[in-house]
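*Asks:* Sharing a structure, written as structure tokens. Questions coming.
The values are calculated or read from the model by the stated rules, or taken from the named source; none is laboratory data. In this text the structure is predicted, and so the values were computed from the model without any measurement. Reconstructed Cβ throughout: ideal geometry from the backbone, glycine too, with neighbour counts over all protein chains shown.
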Amino acid sequence: MVPGAVCSPRIHSRLGTTTNVRTADSVSVKVARCGTAKSPCGLKSSPATVSSFRLDRFEATVGRFRRYVAASSAGWVPADGSGKHTHLNGGKGLSQGSSNVQEPGWDSAWNSNLAKSRAVWTGNLSCEPTYQTWTSSAGANEERPIVCETWFEAAAFCIWDGGFLPSEAEWNYAASGGEEQRAYPWSKNPSTSTTVDCDYGNYAGCEGTTAKVGGLPQGDGRWGHADLSGNAWEWNTDWYQAYPTPCTDCARFAPTSSRVIRGGSVYDDTSYLLVSTRNNIPPFNRNYVVGFRCARTP
Ligand SMILES: [Ca+2]
């Protein structure tokens, strides 16, 4: 069976949608100068070249994740080496700048990080009683972002769903509108506009909890991606480090202590929603503010 993107016909047309991100040649990836979540000390830019790819319009939802949990509980695991950007570099995928380190893909040693039963999955995804979105059976949260999942679980979901986690450069490209270099994903006319309120993004003081994905179309990015900034943070494939230089379809694959998360959340102030803001947490961390979305071949 080809894994479906959603669990319910009711939301099939909305939540299986991916959008082509049409990329130009080389652009600057905005980064926070201090490399921390907030960027009070200004910005610098790091040039990157990003090839075309597709990126899901929405954060992965509880409903979609429920289908994956069922598959995982039935024994499905990612194939060793799967989940790479195989459309790049003759199938080798992303590379780590000039160091010639290629994208490793899924490591079968990580299979032990994936639960093997619904009961264990439910325990794992119940990381915070008030703010978790997972429920043991389908309920009111099916269209809210899945949270409390580890980096491994996010990566495995994307492989099961026919894609992969986006690199930080890809995620940043989509959020900044490529060469437009938007301050927020919705910033336009001018792209430096820092206009933000609860009609654009779900951040601290707005909904109070993660909301149904796609509820704020005014905050969509250049290519129609919803909730890139706000609602739930989103795992990227990279280990957290300075961007590789040069960056041509690059990502960081040399392990550090944490993986990149992007976009801020409903529990953060607006400075965390800036495209320039980077953040990171350990890959085994389960956090009720961290979700993800998948990328795909163009
Ligand atoms: Ca988000």
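*Asks:* Identify, by number, the condition in (1) polar (S, T, N, Q); (2) within 16 Å of the chain's Cα centre (by Cα); (3) away from the ligand (no atom under 15 Å from the Cβ) that GLN132 doesn't meet.
*Replies:* With respect to (1) polar (S, T, N, Q); (2) within 16 Å of the chain's Cα centre (by Cα); (3) away from the ligand (no atom under 15 Å from the Cβ), GLN132 is out only on (2).
*Asks:* I've got another one for you. Check HIS85 against each of (1) modelled with pLDDT under 95; (2) surrounded by 15 or more Cβ atoms within 10 Å (Cβ to Cβ); (3) at negative phi and name the one condition it does not meet.
*Replies:* Against the list (1) modelled with pLDDT under 95; (2) surrounded by 15 or more Cβ atoms within 10 Å (Cβ to Cβ); (3) at negative phi, HIS85 comes up short only on (1).
*Asks:* Could you count how many residues in the range 57-101 are closer than 25 Å to ASN141 by Cα and assigned to a helix (DSSP H, G or I)?
*Replies:* 12
*Asks:* A further question follows. Which condition number does GLU170 fail, the rest of (1) closer than 17 Å to PRO298 by Cα; (2) part of a loop (DSSP other than H, G, I, E, B) being met?
*Replies:* (2)
*Asks:* For the range 176-186, does any single residue satisfy the condition of being part of a loop (DSSP other than H, G, I, E, B), more than 30 Å from SER82 (Cα to Cα), among the polar types (S, T, N, Q) and in contact (Cβ under 8 Å) with a residue 60 or more places away in the chain?
*Replies:* Yes - at least one qualifying residue is present in the range 176-186.
Quick grid of which residues meet (1) at positive phi; (2) crowded, with 22+ Cβ neighbours inside 10 Å; (3) among the acidic types (Asp, Glu):
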site	(1), (2), (3)
ASN189	yes, no, no
THR192	no, no, no
ASP199	no, no, yes
THR245	no, no, no
VAL266	no, yes, no
THR270	no, no, no
LEU273	no, yes, no
THR277	no, yes, no
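*Asks:* Let me ask something else about it. Hey, does the range 222-229 have a residue that's touching a Pro at 6+ places or on another chain (Cβ under 6 Å), over 26 Å from ALA115 (Cβ atoms), in contact (Cβ under 8 Å) with a residue 60 or more places away in the chain and not charged (D, E, K, R)?
*Replies:* no
*Asks:* Quick check on the range 260-298: of everything there that is basic (Lys, Arg) and within 13 Å of the chain's Cα centre (by Cα), which residue is farthest from the ligand (Cβ to nearest atom)?
*Replies:* Out of the qualifying residues, it is ARG296.
*Asks:* Restricting to the range 202-219, give me the number of residues that are in contact with a Pro (Cβ under 8 Å, 6 or more places away or on another chain) and in contact (Cβ under 8 Å) with a residue 60 or more places away in the chain.
*Replies:* 2
*Asks:* Kindly provide the set of residues from the range 166-186 that are surrounded by 24 or more Cβ atoms within 10 Å (Cβ to Cβ) and among the polar types (S, T, N, Q), ordered by number.
*Replies:* Once the filter is applied, which keeps residues that are surrounded by 24 or more Cβ atoms within 10 Å (Cβ to Cβ) and among the polar types (S, T, N, Q), the range 166-186 yields SER167, ASN172, SER176.
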